[in-house]
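**Q** Quick one: structure below, then a few questions.
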Amino acid sequence: MSTIHRFYFPVETKHAAQELSSDFDLHVSEGDIVEFETLPRQYWKITLKIFKVLLNNSVEYVDYKTVEVEDPYA
């Protein structure tokens, strides 16, 4: 079963959540910075990570709360 990874952005940005379905194990932790191809040159820091674990001990989804940060390459 693939796990759905949902990235949520602050309301004021008016960005829709980015939803990724993956059969691989995506390793994203609080404090990590992510750039999405659909939002080029915008960088998002993970501030919260929530898992939904099913009765069979698989993970249905992982939700990530983000805040925008300055360009880490600057």
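The values are calculated or read from the model by the stated rules, or taken from the named source; none is laboratory data. No experiment lies behind these values; they were computed from the predicted model shown. Using ideal geometry, Cβ is built from the backbone for each residue, glycine included, and neighbour counts are taken over all protein chains shown.
**Q** Looking at the stretch 14-36, which of its residues are among the charged types (D, E, K, R) and out of contact with any strand residue (DSSP E or B) (no Cβ under 9 Å at 6 or more places or on another chain)?
**A** Matches in the stretch 14-36: LYS14 only.
**Q** What number of residues in the stretch 17-32 are surrounded by 10 or more Cβ atoms within 10 Å (Cβ to Cβ) and of a type outside the set (D, E, K, R)?
**A** So the answer is 7.
**Q** What pairs can you find where one residue is in the stretch 49-74 and under 20 Å from VAL11 (Cβ atoms), the other is of a type outside the set (Gly, Ala, Ser) and in a loop (DSSP other than H, G, I, E, B), and their Cβ atoms are less than 6 Å apart, with a gap of 6+ or different chains?
**A** Short answer, once both residue conditions are applied: LYS49/GLU30; THR66/PHE9.
**Q** Does VAL34 qualify as being in contact (Cβ under 8 Å) with a residue 24 or more places away in the chain, among the aliphatic types (A, V, I, L, M) and in contact with a Ser or Thr (Cβ under 9 Å, 6 or more places away or on another chain)?
**A** yes
**Q** In addition: For the stretch 1-30, give me the residue count where each residue is of a type in the set (Asp, Glu) and under 20 Å from LEU55 (Cα atoms).
**A** Residues meeting the conditions: 2.
**Q** OK, next. Within the stretch 63-74, restricting attention to residues that are of a type in the set (A, V, I, L, M, F, W, C) and modelled with pLDDT of 95 or more, which residue is farthest from THR3 (Cα to Cα)?
**A** VAL69
**Q** Here is a follow-up. Could you look through the stretch 33-74, keep only residues that are in a strand (DSSP E or B) and among the acidic types (Asp, Glu), and pick out the one that is surrounded by the fewest Cβ atoms within 10 Å (Cβ to Cβ)?
**A** Here the answer is GLU60.
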